[in-house]
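Asks: Pasting a structure below so you can have a look.
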Amino acid sequence: MPPAPPVSRFQEGPERKRKAHAKSRKGCGNCKLRRVKCDETRPRCKRCAAYGVSCDYDGSRPSLDLAAQGSFQVDLFQSTPSPATSDSPHAATTPIPGPAKPPSTRKTIASMVNASLQNKSSALNSSADMPGMSTFHQVPSWTFTEEHLDILKRFQERTVSTIGNRQTAPTYRDCISHLAFSHPFLMHMVLSLTLMHDAHLSTPLSEEIGAKYHHASLQHWNTATKLFKHVLSNPIPPSYRDAVWATGALLGAASFAYVEASKPEESWPLKPSEPTDLDWLKLSEGKKAIWQVADPTRPDSIFKGIALKMSVVRVSDWLAEFDLSFLPQHLKELYGITPQSTPQNNVYCLPIIMLSRLHGLTPNHDNVIEFLLFMALIPPDFKNLLELKDPRALLLLLWWFRQLEHGDPWWLVKRAKLEGRALEIWLETYYGGEAGLTRMYASMGQQHHFNQQTTSKSSTAGSMDASGRGGNEAAFPPSVESWIKDKSNAGCPVQ
C-alpha cells in the first residue's frame, strides 16, 4: 500500500488547523524593528542581551529623549572593532574596551542601524510629495554597513571629544550617536567629520590613505547637506530639533576643518576670489538661525544643560570690563582706539576687545569656546571688511589665526596655519606688514589733518558739490580700499 502523500503546511481543510494564539505588542523596540519574537524580559530581553544592544520598551529613553517607539539603541562600547581594513589604518583607529563578539553580532547591529535609517529615509522621501513641502532631490541609495559601524565607534571614542570643550564632550558623546541612528542627515555628518579626522591623522603617514579618507568624507558631507537642507526648508518636527542642533555643531567644525588648498599660495586671500570664500565664517550666522529653530535651551532638549551655559555669555559684560592698556601705542593709532572708542563708533573695537581676552592663551579643550566666540560675535560690518580684504581687518584675523595654530583642537589648526601664512604674505607684499600699515595710516592721518586745517583757513566756505563735500576741500577717500586704488591700479587685489 503506497504511503499517503505529505500534508502541506499551507493546505486548507480539516487535515491542517492553525493554532490560535494572541499576538503580543509589548516587545521591545529593537525586536519590533527586526521583526523577531521578543521574550519581553525587563529591563533587557534575552535577544538584546545576546546582541549587545539596549532595550527600549516604551519608545522613550529619558536620558536621551528619543521620541518614536521602535527607535533603536546600540551599546557600541560592548563590541570590539574589526581588524584594520583599508578604511581603518592604525593611526585612525582607537581600540574599544569590552569582550569580543562573534562577527555575526556586528553584522546584525549594522543591519539594525540600516533598517532604522532606511525607515527615516523613506519617510523623508514620502514627505517630499506632500502639498506645501519643498522639492527634494533624493540622494543615492546607501546602506549602513559594518565598516560604517567602525567609523561610528571612532567618532564616539575619539572624534566627538575634540568638538566643543570638556563640559560639552560627555553630552555629545552620549547623545549624538544615538540621535544619528534615527536621523540620516546627522548620521552622514557624523561619518563625514570622523573621516575628516581620519584624514588629518593619516596624511602625515600616508598621503594616499589620507586622500581616500578625505574623498569619502566629502561624499558623506554632500549627502548630509542635501538631507539637512530639505529638513530645514520645511516645518521641523519637534522630534528632529535635537538632531538639527547636533548637525549644526558638527557642520561648523567640518566647515572650518575643510581647506581645499595645500599651500599658502593657493589659499585665501592670495588666490582669486570666489563666492565661497569665508564660508566658514558666514556659517556662524546660519548657526544662529539653527539655534533659534532647534532651541536647545528648551526643557525637553537633551542639550539643555550645555546650551544654558553657552547662552549666558553676554557681550555687554565684556564691554563693561575690557582693558586695552596692553595694546601697543602704534596699534592703538592704527585702529583709532581712544578712551572714547566703542563698538558703535569703531568697527574694529569689538574684535580687538575679544582678541584682548584671548591674549596669552593657547586653545585647548577647556577654553576653546572662548576662541570660537570670535567667529560668532564679530559684527557684520567687520565681516564685510574681511570680504573686501581691508588690511586692518585682515591683520586682526591674522592675530586670531596665529593663536589658533598652536592649539589642541585638530579641526582648527590647518586653516589657521595655511590662511594665516597667506594673510602674512598678502599684508607683507602689498602693505609692508604691520609696520608698513602703521606708517601708511599715520601718513594718511597727518594728510587728513592738514586738509582739515587748509579748509578751515579758506576765506570762503566753498560751494557744496553733488556729493555734499565742500568744493575747496581736498578729497580724502573714506576707506583704505579707495586710497589704494587712487594710488595705484596695478594689480592690488583689494576687491
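The values are calculated or read from the model by the stated rules, or taken from the named source; none is laboratory data. Everything quoted here is computed from the prediction, not taken from an experiment. Cβ coordinates were reconstructed from backbone atoms using ideal geometry, including for glycine residues, and neighbour counts include every protein chain displayed.
Let's see how each residue does on (1) at pLDDT below 95; (2) touching a Phe, Trp or Tyr at 6+ places or on another chain (Cβ under 8 Å); (3) of a type in the set (S, T, N, Q):
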{"position": "GLU207", "(1), (2), (3)": "yes, no, no"}
{"position": "HIS220", "(1), (2), (3)": "no, no, no"}
{"position": "LEU227", "(1), (2), (3)": "yes, yes, no"}
{"position": "ASN234", "(1), (2), (3)": "yes, no, yes"}
{"position": "SER239", "(1), (2), (3)": "yes, no, yes"}
{"position": "ALA243", "(1), (2), (3)": "no, yes, no"}
{"position": "THR247", "(1), (2), (3)": "no, yes, yes"}
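Asks: Return yes or no: is PRO328 surrounded by fewer than 18 Cβ atoms within 10 Å (Cβ to Cβ) and either closer than 21 Å to GLY164 by Cα or at pLDDT below 85 (or both)?
Replies: yes
Asks: Here is a follow-up. Looking at (1) closer than 14 Å to ALA253 by Cα; (2) out of contact with any His (no Cβ under 8 Å at 6 or more places or on another chain), find the lone condition where MET189 falls short.
Replies: (2)
Asks: Related question: Restricting the search to the range 380-415, which residues are under 23 Å from ARG439 (Cα atoms), among the basic types (Lys, Arg) and not in a loop (DSSP other than H, G, I, E, B)?
Replies: ARG392, ARG402
Asks: Here is a follow-up. Looking only at the range 196-209, decide whether some residue is aliphatic (A, V, I, L, M) and part of a loop (DSSP other than H, G, I, E, B).
Replies: Yes, some residue in the range 196-209 is aliphatic (A, V, I, L, M) and part of a loop (DSSP other than H, G, I, E, B).
Asks: Take the residues in the range 120-147 that are at pLDDT below 85 and part of a helix (DSSP H, G or I), then tell me which one is nearest to HIS183 (Cα to Cα).
Replies: In this case the residue turns out to be LYS120.
Asks: Has the range 440-448 got any residue that is in contact with a helix residue (DSSP H, G or I) (Cβ under 6 Å, 6 or more places away or on another chain), modelled with pLDDT under 95 and not assigned by TED's automatic domain parsing to the domain that holds VAL160?
Replies: For the range 440-448, residues in contact with a helix residue (DSSP H, G or I) (Cβ under 6 Å, 6 or more places away or on another chain), modelled with pLDDT under 95 and not assigned by TED's automatic domain parsing to the domain that holds VAL160: present.
Asks: Aliphatic (A, V, I, L, M) and more than 21 Å from TRP410 (Cβ to Cβ), is that true of MET187?
Replies: Yes.
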